[in-house]
Amino acid sequence: MIQNMIKEGKIVPAEVSIKLLPKATQESGNDKFLIDGFPLNEESHAAFEAVTKIEPEFALFFDCPVEEMEKHLLSRSQGGEDDNVEAIRKRFEAFLGSSLPVIEHYHSRGNVRKRLCWL
């Protein structure tokens, strides 16, 4: 189900992602984590904090032009099923509509670390 959603450029439901986190964090034996690409939207942000009782130290935001992301994703050798122009553009649109408000939330709290990205 997760692979199909990614292939279609859709966002995996928060409850699915959150259920994967406790086991992964416990098995690592660490007390600090970098969770790549999560939370993706306000629903997953609220669910993450409610379930884990964790307020992230910061959100790392890579600000990269869509043209650069397209070029990079299309040229990389691993080229997954979701690495086509249509899926890339859908993911970028999904990001702008759902993930950017999460970044703005963390920015309002002063805990966003923004890096410009030129691939």
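Just so it is clear, none of the values below were taken in a lab; they were calculated from the coordinates. None of these values were measured; they are calculated from a predicted model. Here Cβ is always computed from backbone atoms with ideal geometry, including for glycine, and neighbour counts include all displayed protein chains.
Report summary: the helix-based calculation at 222 nm, which adds -39500 (n - 2.57) for every DSSP H run with n ≥ 4 and divides by the residues of the chain, gives -15000 deg cm²/dmol.
For A59, the residues 5 or more places off, or on other chains, whose built amide H falls under 5 Å of its own are V112, R113.
In summary, the lysines within cross-link reach of K23, defined as a Cα separation below 26 angstrom excluding same-chain residues under 8 places away, comprise K7, K10, K32, K53.
From the alpha carbon gyration tensor of the chain, can you work out the equivalent ellipsoid semi-axes (sqrt of 5 times each eigenvalue) and give them in Å, largest to smallest?
Ellipsoid half-lengths, sorted descending, are 24, 18, 14 Å.
Applied to region 111-116, the Karplus parametrisation 6.51 cos²θ - 1.76 cosθ + 1.60 on θ = phi - 60° returns per-residue 3J(HN,Hα) values of 10, 10, 10, 9, 10, 6 Hz, with x for Gly and Pro. Ordering of 44-51, 20-27 by packing is 44-51, 20-27, highest average first (other Cβ atoms within 10 Å, averaged per residue). Relative contact order, whole percent, for the chain stands at 37, derived from Cα pairs under 8 Å and 6 or more residues apart. Helix 85-94 and the longest principal axis of the Cα set of the chain meet at an angle near 30°.
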